[in-house]
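K.L.:
Below are the structure tokens for one structure; questions will follow.
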Amino acid sequence: MTVRPLSLLAVLVLLAPAARADDSTAGVRPKITFGVNVHDFVNLDESADTVLALVALFEEHGVAGDFYLTGPIVQAYLDRRPDVIERLKASRMTISYHVRAPHPLCEGFGDALRGQDDEGLRRVLEEYETHRLDLTTGKPIADQPGGYALLAKVFGRPPVTVSPQNGNPHIRAAAFDVWREMGAKVCIAYHESGTDPERPFAYDHGLLVRPSDFSVTRWTVGGSGREAFWWNMLDTPRAEAYDPVRYLDLNLALWDGSRPPIVTALVHEDNFYRRGGTPFANIYYEDAEKTRARRPPFDLAAPDPSRPRTDENRRQILAAYGTLVAHAAERCDIVTSADLAVLAEAAKE
């Protein structure tokens, strides 16, 4: 995603009091999806407690979040925090699926896919999506369930949305075919923006491409050229310019499309309690930017490059997120990818 610096006018709008205008266009309000990527098996209890807090927050406002879980995090919850699994199962939250290293669909870890023809790709991917991923070797464990199939079994329904971390069109196509046949409805082609204003519902290998006209996730202020995640700025002197409520209002005010926008608000669960790096980065990558993959066997005891947030900062982030959910519920329809899949099917008729 290319993030444009905000103009002076936009900064002034951003710093102005939050708007309360009627955003309806022909009776239809903007739609926003709150996507939560869950993957931190290193700080498992903090991960689990954060997911529980977010489920409670969404329920407090009568809405649902879209939780993107990996196979390993679900297995870790089953082993050590089954209360999280039961809480998600009892809720209205949408369950979706994504992958992280050392899954072969992540860039740098695809040795098992290299040189495979279409049939070979499907065979390898089906193996990884039905068996547990060994986090030390990066290989599937033949006698243990895992992957997409594990989530479908545990939650009693196929995860709605799938997200490969691989840019190879041939490999992505094979993955989408496998996941679609396993029950997926939606895929990720871009994360924060990229939707055609005139054609919001597009498909890729039979899966709806999750639409997002803009995202309340990260942006630049004052022409600095450096994008920042809003949650990393709340304990800085520029906190006001990174208020997610004001940023949502700004972009709704600036929207000039022929239809109301479809918005995403994305976050990782570890963003609420860690900063400075991905907790498992040193296990699988040689650099903090995660551009150089390590080779197996992977050291699961590698030091966590992230550091804990202060208690005050944690409260700041959770409070700001809760305010964003509450405000979005007033101005928009909060939907999940499951809702968007239904809307897209209805639009075909």
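K.L.:
When you look at Asn282, is it within 28 Å of His103 (Cα to Cα) and without any contact (Cβ under 8 Å) to a residue 24 or more places away in the chain, yes or no? If you could, list the steps in order and put the result at the bottom.
P.N.:
Numbers: within 28 Å of His103 (Cα to Cα): yes; without any contact (Cβ under 8 Å) to a residue 24 or more places away in the chain: yes.
So Asn282 fits the description; yes.
K.L.:
Could you go through the range 265-288 and let me know if any residue there is over 24 Å from Leu54 (Cα atoms), loosely packed, with under 15 Cβ neighbours inside 10 Å and modelled with pLDDT of 95 or more.
P.N.:
yes
K.L.:
Considering only the range 58-83, how many residues are in a helix (DSSP H, G or I), open to solvent by less than 20 Å² (accessible area, probe 1.4 Å) and farther than 26 Å from Leu135 by Cβ?
P.N.:
Here the count works out to 1.
K.L.:
Let me ask something else about it. Confirm whether Pro303 is more than 24 Å from Ala239 (Cα to Cα), touching a Ser or Thr at 6+ places or on another chain (Cβ under 8 Å) and either open to solvent by less than 10 Å² (accessible area, probe 1.4 Å) or assigned to a loop (DSSP other than H, G, I, E, B) (or both).
P.N.:
So Pro303 does not fit the description; no.
K.L.:
Give the number of residues within the range 101-153 that are open to solvent by 50 Å² or more (accessible area, probe 1.4 Å), touching a helix residue (DSSP H, G or I) at 6+ places or on another chain (Cβ under 8 Å) and either in a loop (DSSP other than H, G, I, E, B) or among the β-branched types (Val, Ile, Thr) (or both).
P.N.:
So the count comes out to 3.
K.L.:
Just give me the residues in the range 158-182 being in contact with a Cys (Cβ under 7 Å, 6 or more places away or on another chain) and either open to solvent by 20 Å² or more (accessible area, probe 1.4 Å) or at positive phi (or both), in sequence order.
P.N.:
Answer for the range 158-182, where residues must be in contact with a Cys (Cβ under 7 Å, 6 or more places away or on another chain) and either open to solvent by 20 Å² or more (accessible area, probe 1.4 Å) or at positive phi (or both): just Gln165.
K.L.:
Would a scan of the range 312-332 turn up a residue that is of a type in the set (Ser, Thr, Tyr), under 24 Å from Leu52 (Cβ atoms), in a helix (DSSP H, G or I) and open to solvent by less than 20 Å² (accessible area, probe 1.4 Å)? Even if it seems obvious, please write down each step before you answer.
P.N.:
Filtering the range 312-332 for residues of a type in the set (Ser, Thr, Tyr) gives 321, 323.
Next, only the ones that are under 24 Å from Leu52 (Cβ atoms) stay: 321, 323.
In the following step, the residues that additionally are in a helix (DSSP H, G or I) were identified as 321, 323.
Those left that are additionally open to solvent by less than 20 Å² (accessible area, probe 1.4 Å): 321.
Within the range 312-332 (the criterion being of a type in the set (Ser, Thr, Tyr), under 24 Å from Leu52 (Cβ atoms), in a helix (DSSP H, G or I) and open to solvent by less than 20 Å² (accessible area, probe 1.4 Å)), the answer is yes, since at least one residue qualifies.
K.L.:
Just need a number here: residues in the range 184-217 that are in a loop (DSSP other than H, G, I, E, B) and open to solvent by 20 Å² or more (accessible area, probe 1.4 Å).
P.N.:
Total meeting the criteria: 14.
K.L.:
Yes or no: the range 218-225 includes at least one residue that is farther than 20 Å from His98 by Cα, modelled with pLDDT of 95 or more and crowded, with 16+ Cβ neighbours inside 10 Å.
P.N.:
There is at least one residue in the range 218-225 that is farther than 20 Å from His98 by Cα, modelled with pLDDT of 95 or more and crowded, with 16+ Cβ neighbours inside 10 Å.
K.L.:
Here's a follow-up. Only one of Thr291, Thr217, Thr278 is within 30 Å of Asp333 (Cα to Cα) and β-branched (Val, Ile, Thr); which?
P.N.:
Among Thr291, Thr217, Thr278, only Thr217 is within 30 Å of Asp333 (Cα to Cα) and β-branched (Val, Ile, Thr).
K.L.:
Looking at His191, is it under 26 Å from Leu105 (Cβ atoms) and either modelled with pLDDT under 95 or among the polar types (S, T, N, Q) (or both)? Reasoning before the result, please.
P.N.:
Values: under 26 Å from Leu105 (Cβ atoms): yes; either modelled with pLDDT under 95 or among the polar types (S, T, N, Q) (or both): yes.
For His191, the condition - under 26 Å from Leu105 (Cβ atoms) and either modelled with pLDDT under 95 or among the polar types (S, T, N, Q) (or both) - is met.
K.L.:
Kindly indicate which of Thr2, Thr50 is modelled with pLDDT under 95, closer than 25 Å to Val99 by Cα and either within 18 Å of the chain's Cα centre (by Cα) or part of a loop (DSSP other than H, G, I, E, B) (or both).
P.N.:
Exactly one of Thr2, Thr50 is modelled with pLDDT under 95, closer than 25 Å to Val99 by Cα and either within 18 Å of the chain's Cα centre (by Cα) or part of a loop (DSSP other than H, G, I, E, B) (or both), namely Thr2.
K.L.:
Taking Asp249, is it of a type in the set (Asp, Glu) and open to solvent by 30 Å² or more (accessible area, probe 1.4 Å)? Steps first, answer last, please.
P.N.:
Numbers: of a type in the set (Asp, Glu): yes; open to solvent by 30 Å² or more (accessible area, probe 1.4 Å): no.
No.
The values are calculated or read from the model by the stated rules, or taken from the named source; none is laboratory data. Because the structure is a prediction, the values reported are computed rather than measured. Positions of Cβ are backbone-derived with ideal geometry, glycine not excepted, and every protein chain shown enters the neighbour counts. Only protein heavy atoms, including side chains, enter the accessible area calculation; ligands, DNA and RNA are left aside. Shrake-Rupley method; radii C 1.70, N 1.55, O 1.52, S 1.80 Å.
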